[in-house]
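Take a look at the structure set out below.
The values are calculated or read from the model by the stated rules, or taken from the named source; none is laboratory data. The model shown is predicted, which means the values in this text are computed figures rather than measured ones. Methodologically, a virtual Cβ is constructed for each residue, glycine included, from the backbone with ideal geometry; neighbour enumeration extends over all protein chains shown. All accessible areas refer to the heavy atoms of the entire protein, side chains included, with ligands and DNA or RNA removed. Shrake-Rupley method; radii C 1.70, N 1.55, O 1.52, S 1.80 Å.
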Amino acid sequence: MTVDLSRVHLIGIGGSGMSGVARILLDRGAVVTGSDVKDSRPVRALRSSGAHVAVGHDAGNLLLTGELPTVVVVSFAAIPQDNPELVRAHDEGIPVIRRSDLLGELMEGRRQVLFAGTHGKTSTTSMAVAAMQTAGLDPSFSIGGQLNRSGTNAHHGTGDAFVAEADESDASLLRYSPDVAVVTNIEPDHLDYFGTAQAYHQVFDDFADRITPDGHLVVCLDDIHAAALGERSLQRGIRVLGYGTTDAAALHPDIPLGAEVLSTEVTDVGSTATMRIDGRDLTVVLQIPGQHMVLNGAAALLAAHLAGGDLDRLAEGLSDFNGVRRRFEYRGTAGGVRVFDDYAPSDRGDRCPAGRPAEGRGGGGGRPRHRRLPAAPVLPHHRVRRGVRRGPVAGRRRRGARHLRRPREAGGGGQLPHHHRRHDHRGRLRARLLPRAADRPRAGPPG
């Protein structure tokens, strides 16, 4: 696909993915216009960088600069076909492409380092970006969240690598040709699109088939389905590397081990992990808690090393990584309860690190030093998940659950922000507390 990107109009420009590609277009000198249903921080940031953005959808928005755009960009699922800007684009004969197509165009000519999987894409991608920046690689990147340190979700870098999330929800990851493809875990999801679990699994096999001949598939050995993907890919002649704990690696001896988590020590604020990558033992201090974050960190280091990064400097960058906005983000303390803001698209309890007590210093299951029950609102981010999710916290009120208001000490006025509000069938705004992860059935190994 060859697209004229001199004048680009993005419908829904304020979204996490769309605002990122808009920022890269601006950095590359394109004229960027767009629209969104409301004003927002990403919209204001884009305006300050030179974008022309209208609030509300109107056919006239295609002429915000006095010229029609050379291409119109939409997200696959979010924009209805009767959107007036989309209708006018078709009437004017302007090409309409999906965001994934645009991202694929932006990545052309760069080494593509892509992160896929049901869970953990944003966190793992962000870790890789932070590590590679510290290592001096200056990658271009587009991620689905804002890095806490830099406050941005995208960047046009001077290096030859482009780091991004590969979204499987609508099979758009099949648009890319990765040099390094990481799969953190696989758990059937987005069945409104795929129809069956088998079709959902198949999209990851198809993604692996798109890896460049000299590229690598990197899979988490602690996740049974990601490891199975690695084994199938090996049989098709794809170069595969695994990462994970020592015990998990022993279960998959056919997959070459790229990164081994030798030990993990839980701290009050995160974890200290020892990893072996390319024959080197590295110690990494992770500021984000959870064993799944240790595994994500191993994936990020391995992928960044495959992209040419020095291991010592990569480990330094990962240790400096302080998270992504709305990914287990600490917001404040109220009444002795620490409040975290988390995107939480999954209802898997084993992914809620604050729901588990920190173990003794040896990490071997000693007596818990603390017993913390987090305030964890159930906040499905998408209408489909709100409608079809089933599980321990979906569709019914848990015993002992309480209403939760955003604490004033966390920077709010006592109310959950608008994007955290959940309408129940009576129209009231609610958020519910999750039970401790230890009290909930595990859906599978952490990824």
Pairs only if they're at least six apart or on different chains, beta carbon under 7 angstrom, first in region 35-58 and among the polar types (S, T, N, Q), second modelled with pLDDT of 95 or more and in a strand (DSSP E or B); list them, first residue then second. Ser35/Ile11; Ser35/Val53; Ser35/Ala54
Over region 233-277, the set of residues closer than 19 Å to Asp223 by Cβ and in contact (Cβ under 8 Å) with a residue 60 or more places away in the chain is Leu241, Ala248, Thr264
Scan of region 189-211 for residues that are under 27 Å from Gly258 (Cα atoms) and touching a residue at least 24 places away in the same chain (Cβ under 8 Å), ordered by number: Tyr200, His201, Val203, Phe204, Asp205, Asp206, Phe207, Ala208, Asp209, Arg210, Ile211
Does region 116-128 contain any residue that is closer than 16 Å to Gly104 by Cα, in a loop (DSSP other than H, G, I, E, B) and open to solvent by less than 10 Å² (accessible area, probe 1.4 Å)? no
Of those in region 44-75 that are open to solvent by 50 Å² or more (accessible area, probe 1.4 Å) and hydroxyl-bearing (Ser, Thr, Tyr), the residue nearest to Glu105 (Cα to Cα) is Ser49
Cβ-Cβ below 8 Å, separation at least six or inter-chain, first residue in region 125-139 and polar (S, T, N, Q), second surrounded by 24 or more Cβ atoms within 10 Å (Cβ to Cβ) and assigned to a loop (DSSP other than H, G, I, E, B): which pairs? Thr125/Ile143; Ser126/Ile143; Ser126/Phe321; Gln133/Pro139
List the helices (runs of 4 or more DSSP H) that sit entirely inside region 152-262 and contain at least 2 residues that are modelled with pLDDT of 95 or more and open to solvent by less than 10 Å² (accessible area, probe 1.4 Å). 197-208, 224-235
Every residue from region 231-248 that is under 25 Å from the mean Cα position of the chain (by Cα) and over 17 Å from Gln202 (Cβ atoms): Arg239, Val240, Leu241, Gly242, Tyr243, Gly244, Thr245, Ala248
If Met127 satisfies every condition in (1) more than 15 Å from Ala307 (Cβ to Cβ); (2) under 18 Å from the mean Cα position of the chain (by Cα) but one, which is the exception? (1)
What strands (runs of 3 or more DSSP E) completely inside region 19-106 contain at least 1 residues that are farther than 13 Å from Val3 by Cβ and touching a helix residue (DSSP H, G or I) at 6+ places or on another chain (Cβ under 8 Å)? 31-36, 52-55, 71-74
Considering only residues that are β-branched (Val, Ile, Thr) and over 26 Å from the mean Cα position of the chain (by Cα), look in region 76-99 and name the one that is least open to solvent (accessible area, probe 1.4 Å). Ile94
